Amino acid sequence: MPSTASPYGLKPVYHPSGTIRTVASTIATGYATSLLQFAPVALAAAGDVGIVIGTVGNRIVGVFMGVEYTDTDGRRRVSNQWTASTTATDIVAYYTDDPAIVYEIQSDAAVVSADVGSQADWTTATAGSTTTGLSSVALSASTLTSTANAGLRVIGVGREPNNAWADTFTNVLVQISEHQMIADRAAF
């Protein structure tokens, strides 16, 4: 049972078609916020470039999966993270964007089976490790609500062994409920 907080972001686990696909976009050179693998991302505002970090309370498009770019020395780099304020060219950022993708995320407190269908936000999207390049975004259990207006919808419990409803830090399955490409999904 997850009795230790070790959040790992929004990890894509399955899609009804059987294939989780990423899409390519870009990140503005010099973008001043780090992006870590499995962190929520949004499409940049009109007039801006590519993707940006997703923020609590705003709609997102998916999760950041990685980036490749040419650095200022002319070397091609491939990474699971974008370091804040990197200056580069030929930037290709990969992210998920399909609203049917199911993600697994650890909660920051217990989640129970009665919470299926409820919606919740996530913790700080910029949290994580620049050593591993992995996000440490967690489901914010204190924001669980039976009404709309939260970023993620709980649809089940994580499938790994030693994980169950009401564990101290429950691993849950979620979908994006406030997706930038579709209308909000009401809680059920």
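Of the labelled options (1) 33; (2) 38; (3) 13, which one gives percent of Cα pairs over 32 Å apart as computed for this structure?
Matching the structure shown: (3).
What does the accessible area per residue of segment 1-116 come to in Å², with a 1.4 Å probe and no ligands, DNA or RNA counted? Let's see the in-between values first.
Working: 5260 Å² over 116 residues.
Each residue of segment 1-116 exposes 45 Å² on average to a 1.4 Å probe.
When the chain is fully extended, how far beyond the present Cα-Cα distance does T33 get from Y14, taking 0.36 nm per residue of separation? Can you show the working numbers first?
Values: separation 19, 0.36 × 19 = 6.84 nm, distance 2.82 nm.
Using 0.36 nm per residue and subtracting the Cα-Cα distance, I get 4.0 nm.
Quick one: putting +1 on the C-beta of Lys and Arg, -1 on the C-beta of Asp and Glu, what dipole do you get for segment 56-188 around its Cα centre, in Debye to the nearest 20? All intermediate terms of the calculation are to be shown ahead of the outcome.
Numbers: 7 positive and 14 negative charges, 10 e Å.
My answer is approximately 40 debye.
In whole Hz, with x marking every Gly and Pro, tabulate ³J(HN,Hα) for segment 35-45 from phi via Karplus 6.51 cos²θ - 1.76 cosθ + 1.60, θ = phi - 60°.
Here the 3J(HN,Hα) series is 10, 10, 4, 6, 8, x, 10, 10, 6, 4, 4 Hz.
Per the 1.4 Å probe, what fraction of the accessible area of the chain, in percent, lies on carbon and sulfur atoms?
About 52 percent, which is the carbon plus sulfur part of the accessible surface.
Starting at the first residue of segment 121-138, write each ³J(HN,Hα) from the Karplus equation 6.51 cos²θ - 1.76 cosθ + 1.60 with θ = phi - 60°, in whole Hz, x for Gly and Pro.
8, 10, 7, 3, 5, 8, 5, x, 10, 7, 6, 8, x, 9, 5, 10, 4, 10
Along the three principal axes, how long is segment 45-132 when you take its alpha carbons, biggest first, rounded to the nearest angstrom?
54, 32, 20
Once amide H atoms are built 1.01 Å from N in the peptide plane, which residues 5 or more positions from V56, or in another chain, come under 5 Å H to H?
Amide H neighbours of V56, under 5 Å, 5+ apart: A125.
Quick check on packing: order 61-67, 111-117 by the mean number of other C-beta atoms within 10 Å, highest mean leading.
Numbers: 61-67: 24.7, 111-117: 16.4.
Highest-to-lowest ranking by the protection proxy: 61-67, 111-117.
Separation of segment 14-80 and segment 112-127 by C-alpha centroid, Å?
Here the answer is 22 Å between Cα centres.
Give me the one-decimal nm value for the distance between modelled label points at S85 and V23, 7 Å along each residue's Cα-to-Cβ direction.
If labels sit at S85 and V23, their model points lie 3.2 nm apart.
As I understand it, the dipole of segment 73-153 uses +1 on the Cβ of Lys and Arg and -1 on the Cβ of Asp and Glu, about the Cα centre. Which of T87, V137, V112 lies farthest toward its positive end?
Towards the positive end, the residue furthest out is T87.
The values are calculated or read from the model by the stated rules, or taken from the named source; none is laboratory data. None of the values given here were measured: they were computed from a predicted structure. Every residue, glycine as well, gets a Cβ built from its backbone with ideal geometry; the counts of neighbours run over all protein chains shown. When the accessible area is computed, the model is the full protein with side chains, heavy atoms only, and any ligands, DNA or RNA have been set aside. Shrake-Rupley method; radii C 1.70, N 1.55, O 1.52, S 1.80 Å.
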